[in-house]
């Protein structure tokens, strides 16, 4: 239906960009950017809609445009303004990222001869033989295959991806078609004019009339055929322009805003004041759309629309998160904190070369400062994210990365304060850096994933989100810190760094053990809290769901480490191996189980997860190899009969630090 | 032996030694570590198993079993099951805590934490053995007090009078049916019935098949009225299993015995069941297999069901049932929604689901409640507070010890 909608627009065979491009004035872009709208279930500024959508379509947040021999770099907001208000540009922008050119060949686009990374809507679909329809058909077939749990090949997946992207684009562009001068009912009248005089009809009547065909329109006399055509177009518009919800509704209790589609329905099915109510709003949009060629007039119309919506929404108390979101949008991909932690890591890495000499100390302080700035930027972003929706800072997998990054730095700095060996500090910058890099990586691998989606019913409880989710995430965090600390011991021993400093190594062991204790506290309490929450929402404390099992494995393994050490089954080396294994278990439980595709917690954001996990586990295998080598080097006898593990005599229990 | 001065015999010594050694093993850290390690492995396997098998079967096979024998890909796995490991862990923890942990304030935190975990294991056992659960679906305007089991079946024998009116049914509960199995049989008799009922070939998941159909060869059951019952493997979603059985009605006095295949219907509260009719001793009875039912000691009426979605998307925002609780003629309005169940007289009602399907018009939607009766409902909560208090106490103590250690001061200032 949406693909039909865009075909209502006139087609420019020579793409309009060849003639040149006129960028939007900055002040207009700024005004538009902060105008509120509902998209994907949540009130947000147009800037967020623009950034998320362009990112989903192309994997980027900016768009390069070549027009009339000049180069332009468009922000996402400018791109969206073109899509909505200057559709001839919108369709000419190369918004669609396509990784595999075979997709273009398969849908039989005219671009099949030209291999590129990015294509415009017109390039893909302007072709006799209708590649748009071909894409729809193929997507339907593959979707069916997926529903039948058949495996799709790479190309089929890519076709589905393109279909999704195209539907996102059409969803956006389609919302404005009914109010565009070119997209109107091909009459002298605009949509609002047309709706003023039409008899009151309900949607079933309209559908009935359309089914009956133009012949049944005799009653309208000579106008019958053209009325039928208009109604048909109106119906297509009604069915496909609900991608953006522009206006707060009349009913103060109702939280669903009105789209052009629902305004058409209200106007069509009502009369008198109520019809006028809908038409007034359509006129506001029509004015904006009609003046896109004249920036002064456009600004006037845009401000009129913006003021109207903002006032109405503010009266309903719905704009509490808008300012925070505009602030957050300055760096929605968290580049700032990521770079600061990378710098912090570089500084602390160099500082190791200077050991505990003066330059080393300065470098360490520099690292703390950089990490500190990164931490503050990250905390600010998390605060904004929290204010935007009014929920606790961790509600999905993406946010756990941010929280563990922040928590890792705090753990690191606090332990560093007590230990002053720079190990905790190193861990405290490596963990956040890795988390932020991974968060970004996963986000890039899943461009269609909204990281601030509306919260599903079961999660809508700030009490449980703060208690269970934050506690368990802190448990992950502490365990990972412990695992990283153990790497220092094993790598140091394997490379024979300062082996004489027995005290130093003993100290690392004590630290790892202490952190494991912390991890136990948070994981255990967090897991039980999760059970208690489950008992409140589903009526069972424990259901052996994969995510629950993941948490349980962390708790059990932590307890194993503690008791095995008390029982003398593991000594220093064994402890570090077990702690690193704890890290592997944590990564499995944290995001591996989500990718199993079963259970209650298996929510999206999965592309790239297994690859990242296997890379990580492979690295850890190398570390385990080092551990075996250390064991063989230091105690060649021990491996012969695995006496270390099987010795039945009571061993003197080592007291942990 | 009475006199303290008497020397213990050699045998006594050996016995004493034996007990001592056993106690040592039972209370050992090593046993704890081994059990915890095995539990970790078991949990991992039980998680991966869910890719292929339902959570219900995984639970039975891995976590509620005494021994696990399974193939993971081509790799044979033999492990002690979750139930056994939990039991060993419980004994080990109880004995170990009593004997091993220092009996002064240094050990206090650990004492408390261990007892918290013991309580958690006890509550798990109580839930496993005593909790009952099922679901209740009510259309707006409907009243009800009957909860249907998810997995268990019962057989009802309903006397019907000459006017076709049914009176109270005799019920064979699930516990008497489940162990009959496909090869076994069991005879049920009642002074109120003119016949003995022999149930044989009880299948948890079954399908009646015309004897002429090619697939009927797969069943070794007898042909009754041109049909055979096929004993099918369990469904991945355990709720989709359909129980079935062969039955014989053996008259107590004169007359021929009658045979029949009885099989259950899927479906919830709204499915009208058609019991199998039997005439014997001049009376008519209807026989049926149905989801096992449990009665709650009060009545619920659904007044309204609300299903809110977020603006313009399919994501659910709120499921809520406005209900009236009716007890001894008194009515009380209650709201049941996600995360806010109704708890009353030992029963808890959760807003679990809704019907008939997600794309039905809103006025046709009805809520489905999960109903649970669990004596240890709140024990995990109590145990968590205990564990948290114990661990916090212990950790703070350790931290203070560490900070006061002279060696640390020396290294920190160095």
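The values are calculated or read from the model by the stated rules, or taken from the named source; none is laboratory data. Since this is a predicted model, take the numbers as computed values, not measurements. All Cβ positions, glycine included, derive from the backbone under ideal geometry; neighbour counts span all protein chains shown.
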* To do: Would you confirm whether any residue within segment B:329-336 is more than 8 Å from chain A (Cβ to nearest Cβ), farther than 13 Å from residue B:349 by Cα, assigned to a strand (DSSP E or B) and in contact (Cβ under 8 Å) with a residue 60 or more places away in the chain?
  => no
* Asked: How about segment A:70-107: which of its residues are touching a residue at least 40 places away in the same chain (Cβ under 8 Å), part of a strand (DSSP E or B) and more than 23 Å from the chain's Cα centre (by Cα)?
  -> A:70, A:72
* Going through segment A:500-520 one residue at a time, which ones are free of Cβ contacts under 8 Å to residues at least 40 places away in the same chain and either in a helix (DSSP H, G or I) or touching a helix residue (DSSP H, G or I) at 6+ places or on another chain (Cβ under 7 Å) (or both)? -> A:502, A:503
* Test: residue B:122 is more than 12 Å from every other protein chain (Cβ to nearest Cβ), closer than 29 Å to residue B:55 by Cα and under 17 Å from the mean Cα position of the chain (by Cα) -> yes
* **Residue check for residue A:476: part of a helix (DSSP H, G or I), surrounded by fewer than 22 Cβ atoms within 10 Å (Cβ to Cβ) and touching a helix residue (DSSP H, G or I) at 6+ places or on another chain (Cβ under 7 Å)** => no
* Structure fact -> How many residues of segment A:108-131 are closer than 23 Å to residue A:83 by Cα and touching a residue at least 12 places away in the same chain (Cβ under 8 Å)? The answer is 16
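What about residue A:291, is it closer than 24 Å to residue A:87 by Cα, over 28 Å from the mean Cα position of the chain (by Cα), without any contact (Cβ under 8 Å) to a residue 24 or more places away in the chain and surrounded by fewer than 20 Cβ atoms within 10 Å (Cβ to Cβ)? Let's see the steps before the verdict.
Working: closer than 24 Å to residue A:87 by Cα: yes; over 28 Å from the mean Cα position of the chain (by Cα): yes; without any contact (Cβ under 8 Å) to a residue 24 or more places away in the chain: yes; surrounded by fewer than 20 Cβ atoms within 10 Å (Cβ to Cβ): yes.
So residue A:291 fits the description; yes.
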* Just give me the residues in segment A:92-106 being within 23 Å of residue A:55 (Cβ to Cβ) and touching a helix residue (DSSP H, G or I) at 6+ places or on another chain (Cβ under 7 Å), in sequence order. => A:92, A:93, A:95, A:96, A:97, A:98, A:99, A:100, A:103, A:104
* Which residues, counting only those in segment B:22-38, are within 11 Å of chain A (Cβ to nearest Cβ) and part of a helix (DSSP H, G or I)? -> B:24, B:25, B:29, B:30, B:31, B:32, B:33, B:34, B:35, B:36, B:37, B:38
* Which is out of contact with any helix residue (DSSP H, G or I) (no Cβ under 7 Å at 6 or more places or on another chain) and buried (at least 16 other Cβ atoms within 10 Å of the Cβ), of B:138, B:118, B:89? -> B:138
* To do: Scan segment B:372-394 and give yes if some residue there is free of Cβ contacts under 8 Å to residues at least 60 places away in the same chain and more than 11 Å from every other protein chain (Cβ to nearest Cβ), otherwise no.
  => no
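Those residues that are touching a residue at least 24 places away in the same chain (Cβ under 8 Å), in contact with a helix residue (DSSP H, G or I) (Cβ under 7 Å, 6 or more places away or on another chain) and either surrounded by fewer than 20 Cβ atoms within 10 Å (Cβ to Cβ) or closer than 18 Å to residue A:80 by Cβ (or both), I need them from segment A:139-157; list them, please.
Result: A:155, single match.
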* Do we find a residue being more than 14 Å from chain B (Cβ to nearest Cβ), assigned to a loop (DSSP other than H, G, I, E, B) and under 27 Å from residue A:452 (Cα atoms) anywhere in segment A:400-420? -> no
* **Single match in B:96, B:46, B:107 (criterion: at the interface with another protein chain (Cβ under 8 Å from one of its Cβ atoms) and either buried (at least 19 other Cβ atoms within 10 Å of the Cβ) or out of contact with any strand residue (DSSP E or B) (no Cβ under 6 Å at 6 or more places or on another chain) (or both))** => B:46
* **Residue among B:342, B:365 that is more than 10 Å from chain A (Cβ to nearest Cβ) and modelled with pLDDT of 90 or more** => B:342
* To do: Could you tell me whether residue B:91 is over 22 Å from residue A:547 (Cα atoms) and assigned to a strand (DSSP E or B)?
  => no
* Structure fact -> Of the candidates B:113, B:41, the one satisfying the condition of being within 11 Å of another protein chain (Cβ to nearest Cβ), assigned to a helix (DSSP H, G or I) and more than 25 Å from the chain's Cα centre (by Cα) is B:113
* Asked: For segment A:262-283, how many residues are free of Cβ contacts under 8 Å to residues at least 60 places away in the same chain and in contact with a helix residue (DSSP H, G or I) (Cβ under 8 Å, 6 or more places away or on another chain)?
  -> 5
* Structure fact -> Subset of segment B:49-59, residues surrounded by 14 or more Cβ atoms within 10 Å (Cβ to Cβ) and over 22 Å from residue A:554 (Cα atoms), comes to B:53, B:54, B:56, B:57
* Taking segment A:538-549 as the search range and keeping residues that are in a helix (DSSP H, G or I) and facing another protein chain (nearest Cβ under 7 Å), which one is nearest to residue B:381 (Cα to Cα)? -> A:549
* To do: Quick one: in segment A:228-250, of everything that is at pLDDT 90 or above and out of contact with any helix residue (DSSP H, G or I) (no Cβ under 7 Å at 6 or more places or on another chain), which residue is farthest from residue A:34 (Cα to Cα)?
  => A:249
* Asked: How many residues are more than 8 Å from every other protein chain (Cβ to nearest Cβ) and within 21 Å of the chain's Cα centre (by Cα) if we restrict to segment B:345-362?
  -> 6
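Rundown of residues vs (1) within 21 Å of the chain's Cα centre (by Cα); (2) surrounded by 17 or more Cβ atoms within 10 Å (Cβ to Cβ); (3) closer than 21 Å to residue B:303 by Cα, yes/no style:
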site: B:372; (1), (2), (3): yes, yes, no
site: B:378; (1), (2), (3): yes, no, no
site: B:386; (1), (2), (3): no, yes, no
site: B:390; (1), (2), (3): no, yes, no
site: B:397; (1), (2), (3): no, no, no
* Can you pull out the residues in segment B:346-382 that are out of contact with any helix residue (DSSP H, G or I) (no Cβ under 6 Å at 6 or more places or on another chain) and farther than 22 Å from residue B:306 by Cβ? -> B:346, B:347, B:372, B:373, B:377, B:378, B:382
* Considering (1) within 13 Å of another protein chain (Cβ to nearest Cβ); (2) over 21 Å from residue A:428 (Cβ atoms); (3) more than 29 Å from the chain's Cα centre (by Cα); (4) surrounded by fewer than 22 Cβ atoms within 10 Å (Cβ to Cβ), say which one residue A:535 fails and leave the rest. => (4)
* Qualifying positions in segment B:49-71 - part of a strand (DSSP E or B) and away from chain A (no Cβ under 14 Å) -> B:67, B:69, B:70, B:71
